[in-house]
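The values are calculated or read from the model by the stated rules, or taken from the named source; none is laboratory data. As the structure is a computational prediction, the values presented were derived from the model and not from experiment. Here Cβ is always computed from backbone atoms with ideal geometry, including for glycine, and neighbour counts include all displayed protein chains. Heads up: the accessible areas ignore ligands, DNA and RNA and are worked out on the full protein's heavy atoms, side chains in. Shrake-Rupley method; radii C 1.70, N 1.55, O 1.52, S 1.80 Å.
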Amino acid sequence: MIRFSLTYCMVLLLLLPVLSSCSRTAETGTPEQTKNVTLIMKKKSGDYWNTVRMGAEAAAKEFSVNLRVAGTDYEGDVNGQIELIDQAVKDGMDALVLAANDYNALGEAVDRVAVARIPVISIDSEVNSSKVRSFIGINNYDAGQQAGQKLIQLTGESGRIAVISFGQGGRNAVQREQGLLAAVAKYPDIKVNKTEDCSMEVKRCDEMTARLLSEPNSIDGIVALDTAASVRVAAETDTMGLAGKVKIVTFDNTPEDIEYLQEGVIQATIIQNPFSMGYLGVKYAVDVMEGKKITEFKDTGTKVIDQENMFWSDNQKLLFPFVK
């Protein structure tokens with residue numbers, strides 16, 4: 001009897017995990033399946049997009065998500081992004097988190113994803129589709145106003161300024177420019193000499209900046225509306241020996257940007273929170289799949305960083321998100 005009881009107990013112990021598993025399955029009806037979320041970025045590399053990815057990976061770990069990350073070789077590769085989206089549908093993704101390279105061109109691709117009953121969360125930049133469940137990013141119009149107001153503080157209420165973007169075809173630069181021009185319009189003695197587009201060519205951006213700075217009675221200040229334009233404008237201004245004489249306000253916080261800010265070539269930069277965009281993009285995708293309500297727009301905020309506040313501890317966390 002004792003031998004039988006011991007044997008019986010051992011069998012029960014072996015079966016306990018199985019019985020427990022069956023009990024959990026019975027409670028929910030079906031075994032819980034892993035959620036497959038695809039993040040498609042404007043570009044698969046670079047400090048900004050690496051930070052977006054880091055945020056997305058943190059959320060994927062927290063919410064037990066199988067995360068697939070993809071991106072094009074360069075920003076503006078619209079066809080490349082469309083191909084990545086179509087492939088993700090074929091691969092069986094359950095939700096898409098997208099930073100669209102072009103507002104209009106990606107709209108149709110997003111509509112096709114929605115037809116397949118796959119929820120879409122947009123981050124960083126909006127996309128022209130009513131099927132997007134939520135946009136997570138900044139208010140680019142307000143950010144443009146911040147840039148304009150900061151530049152006027154630097155140049156004074158009279159002078160000549162130029163506005164330069166790298167021509168990424170996105171809605172972000174357009175909205176930033178609109179906000180900037182609205183801020184500048186309040187000061188009749190501020191003249192916007194040039195609004196230029198580098199057309200995504202580094203050499204063209206350098207040449208354009210050099211030409212602007214070489215003109216007689218030329219430029220007192222420049223606003224660069226995106227990362228690529230920011231670095232090129234600062235580099236060319238420094239090369240021409242005009243650092244500090246021409247006031248520069250940029251966007252984002254690449255290592256080059258931060259170095260130029262420390263050296264006084266750039267006077268201020270408007271920074272975003274790409275980590276939060278990536279994190280919330282995945283979180284919202286999970287929320288939608290679980291039937292939870294999400295907001296249509298989540299503003300992740302911007303901050304104006306200059307030499308006076310760049311070493312504040314809170315700002316250091318934003319400037320250097322990879323440093324723990």
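Looking across the range 145-190 at every residue that is open to solvent by 20 Å² or more (accessible area, probe 1.4 Å) and touching a helix residue (DSSP H, G or I) at 6+ places or on another chain (Cβ under 7 Å), the one that is nearest to Val231 (Cα to Cα) is identified as Phe166. Taking the range 25-45 as the range and being modelled with pLDDT under 60 and among the hydroxyl-bearing types (Ser, Thr, Tyr) as the test, the residues that pass are Thr25, Thr28, Thr30. Beta carbons closer than 9 Å, at least 6 apart along the sequence or on distinct chains, pair a first residue in the range 123-136 that is touching a residue at least 40 places away in the same chain (Cβ under 8 Å) and surrounded by 24 or more Cβ atoms within 10 Å (Cβ to Cβ) with a second that is in a strand (DSSP E or B) and of a type in the set (Asp, Glu) for Ile136/Asp299.
Return yes or no: is Gly76 at pLDDT below 95 and either basic (Lys, Arg) or more than 23 Å from Gly291 (Cα to Cα) (or both)? For Gly76, the condition - at pLDDT below 95 and either basic (Lys, Arg) or more than 23 Å from Gly291 (Cα to Cα) (or both) - is met. The requirement of being modelled with pLDDT of 90 or more and within 30 Å of Glu256 (Cβ to Cβ) is satisfied by Glu57.
Scanning the range 282-299 for residues that are open to solvent by less than 70 Å² (accessible area, probe 1.4 Å) and without any contact (Cβ under 8 Å) to a residue 40 or more places away in the chain, we see that the one that is farthest from the chain's Cα centre (by Cα) is Gly291. Somewhere in the range 131-149, is a residue more than 27 Å from Leu280 (Cα to Cα), in a helix (DSSP H, G or I) and out of contact with any Gly (no Cβ under 8 Å at 6 or more places or on another chain)? Among the residues of the range 131-149, at least one is more than 27 Å from Leu280 (Cα to Cα), in a helix (DSSP H, G or I) and out of contact with any Gly (no Cβ under 8 Å at 6 or more places or on another chain), which makes the answer yes. A single member of Gly167, Gly159 is closer than 28 Å to Gly71 by Cα, at pLDDT below 95 and of a type outside the set (A, V, I, L, M), and it is Gly167.
Within the range 258-280, residues that are under 20 Å from Tyr141 (Cα atoms) have Cβ atoms under 6 Å from residues that are part of a strand (DSSP E or B) and open to solvent by less than 10 Å² (accessible area, probe 1.4 Å) in these pairs: Ala268/Val249; Thr269/Thr250; Thr269/Ile305; Ile270/Phe251; Ile271/Ile305; Met277/Ile123; Met277/Ile136, counting only partners at least 6 apart in sequence or on another chain. Does at least one position in the range 113-128 carry a residue that is among the polar types (S, T, N, Q), farther than 21 Å from Ile294 by Cβ and out of contact with any Leu (no Cβ under 6 Å at 6 or more places or on another chain)? Looking through the range 113-128, none of the residues is among the polar types (S, T, N, Q), farther than 21 Å from Ile294 by Cβ and out of contact with any Leu (no Cβ under 6 Å at 6 or more places or on another chain).
If you go through the range 270-291 and keep only what is at pLDDT below 95 and outside any helix (DSSP H, G or I), you end up with Ile271, Gln272, Asn273. For the range 199-225, filtering for residues that are open to solvent by less than 10 Å² (accessible area, probe 1.4 Å) and closer than 26 Å to Asp189 by Cα leaves 8.
Scanning the range 50-83 for residues that are polar (S, T, N, Q), farther than 18 Å from Phe275 by Cα and either open to solvent by less than 30 Å² (accessible area, probe 1.4 Å) or in contact (Cβ under 8 Å) with a residue 60 or more places away in the chain (or both) gives Thr72, Gln81. Scanning the range 178-225 for residues that are modelled with pLDDT under 85, among the polar types (S, T, N, Q) and more than 29 Å from the chain's Cα centre (by Cα) gives Asn193, Asn217, Ser218.
For the range 300-324, residues that are part of a loop (DSSP other than H, G, I, E, B), within 25 Å of Leu154 (Cβ to Cβ) and open to solvent by 70 Å² or more (accessible area, probe 1.4 Å) total 5.
Only residues that are open to solvent by less than 30 Å² (accessible area, probe 1.4 Å) and over 23 Å from the mean Cα position of the chain (by Cα) were counted in the range 226-262, giving 4.
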